[in-house]
Amino acid sequence: MARMLAAEAAQYIGITEDELMMSRARGLPPGTLGSRVAPGQPVTWDSEDLLPAPDAVPQPVCEQCGFVAASPRGLATHERRH
Ligand SMILES: [Zn+2]
């Protein structure tokens, strides 16, 4: 694991440093996943904390009826039934 400064952490997860700091200011992740190792130190992020959680991966949802498919292939099969 590695601790990263804001610019590095933002790049790691594919957002801008401004977006990362904005989420922190709003009290939302991923900004709030950062912390200071000691008072007066810059806020840093642990690379392990920034990996997307498995359940955070969006599942394909049918736009017509809201059916949640297990996979894109499953959604395609479902949509053919409409
Ligand atoms: Zn549907």
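Every number in this text was worked out from the coordinates using simple rules, so none of it is lab data. Predicted model only: the values in this text are computed from it and were never measured. When we count neighbours, we look across all protein chains shown, and the Cβ atoms used for this are built from the backbone with ideal geometry, even at glycine.
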- Message: Going by what's in this entry, would Gly74 be described as in a helix (DSSP H, G or I) and surrounded by fewer than 16 Cβ atoms within 10 Å (Cβ to Cβ)?
- Response: yes
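Results for (1) out of contact with any Asp or Glu (no Cβ under 9 Å at 6 or more places or on another chain); (2) surrounded by 10 or more Cβ atoms within 10 Å (Cβ to Cβ); (3) not in a helix (DSSP H, G or I), shown as yes or no for each residue.
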site: Met4; (1), (2), (3): no, yes, yes
site: Ala9; (1), (2), (3): no, yes, no
site: Tyr12; (1), (2), (3): yes, yes, no
site: Met22; (1), (2), (3): yes, yes, no
site: Thr32; (1), (2), (3): yes, yes, no
site: Pro39; (1), (2), (3): yes, no, yes
site: Asp49; (1), (2), (3): yes, yes, no
site: Pro58; (1), (2), (3): yes, no, yes
site: Cys65; (1), (2), (3): yes, yes, yes
